[in-house]
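Working notes, beginning with the structure itself.
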Amino acid sequence: MTTETTTAADTMTVEELRTQTRLLAGELPGTLRRITLKAGGISVDVEWETAPATPPAPTPAAALATAPAGAQPAPAPPAAAPADPDRPAGLVQVTAPLVGTFFQASSPGGEPFVQVGDIVEPGHQLAIIEAMKLLNSITADVRGRVHAVHPQDGEVVEYAQPLFDLVPVD
């Protein structure tokens, strides 16, 4: 007589596997090239174009492998910025909320939403990140002066990558 043990991964449905894989894909560095899913025995094969600057944190993969059915892994906290003596006090950094292509204007060759030195109000559009053919507005959370724009127009940005530095103003 044989006894089979069932793990959480074995009871995961194809839909749950797909959902978990989408979450994992959104946290990967670089541009996604290929994902292969297999339901029997649960297998995920992911390939992306650019190598990460640092090894990815084990949190997304570990959460995918050990999460109970329907659970979503928590996003990784953004990395702390190194100390910079030229950095103004109270600087607010706007970071990428997702992986995608960074655009400074609403159309190619158009006027940028903001430039260094501009004053922005909360809710003011700073840029667009295109991800999976969806345009996502990046907006200011504080009233401030644009101190720096980090990525170049058309550059692929990663989750939590610094996009803008804003110096709060009254």
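All of the numbers you see were taken from the coordinates with simple rules; none came from a lab. Bear in mind that the values here come from a model prediction, so they are computed numbers and not experimental data. A quick note on method: Cβ atoms are made from the backbone with ideal geometry, for glycine too, and the neighbour counts reach across all protein chains shown.
Summing charges over all other residues whose Cβ lies under 10 Å from the Cβ of PHE103, with Lys and Arg as +1 and Asp and Glu as -1, gives -3.
Let me check I've understood the local charge: for ARG143, count other residues with C-beta under 13 angstrom from its C-beta, Lys and Arg +1, Asp and Glu -1. What total comes out? Provide the component values of the computation, followed by the final result.
Values: positive: ARG145; negative: ASP118, GLU121, ASP141, ASP170.
Value of the local net charge: -3.
For the range 104-170, the calculated P(r) over all alpha carbon pairs, in 5 Å bins from 0 to the bin holding the longest distance, is 4, 17, 29, 27, 17, 6, 1, 0 percent. Residue by residue, the range 132-147 carries 3J(HN,Hα) couplings of 6, 6, 10, 9, 10, 6, 10, 10, 6, 9, 9, 7, x, 9, 5, 8 Hz when phi is fed to the Karplus relation 6.51 cos²θ - 1.76 cosθ + 1.60 (θ = phi - 60°); x denotes Gly or Pro. On full extension, the segment bounded by ASN136 and GLN93 gains 13.7 nm, given 0.36 nm per residue less the C-alpha separation.
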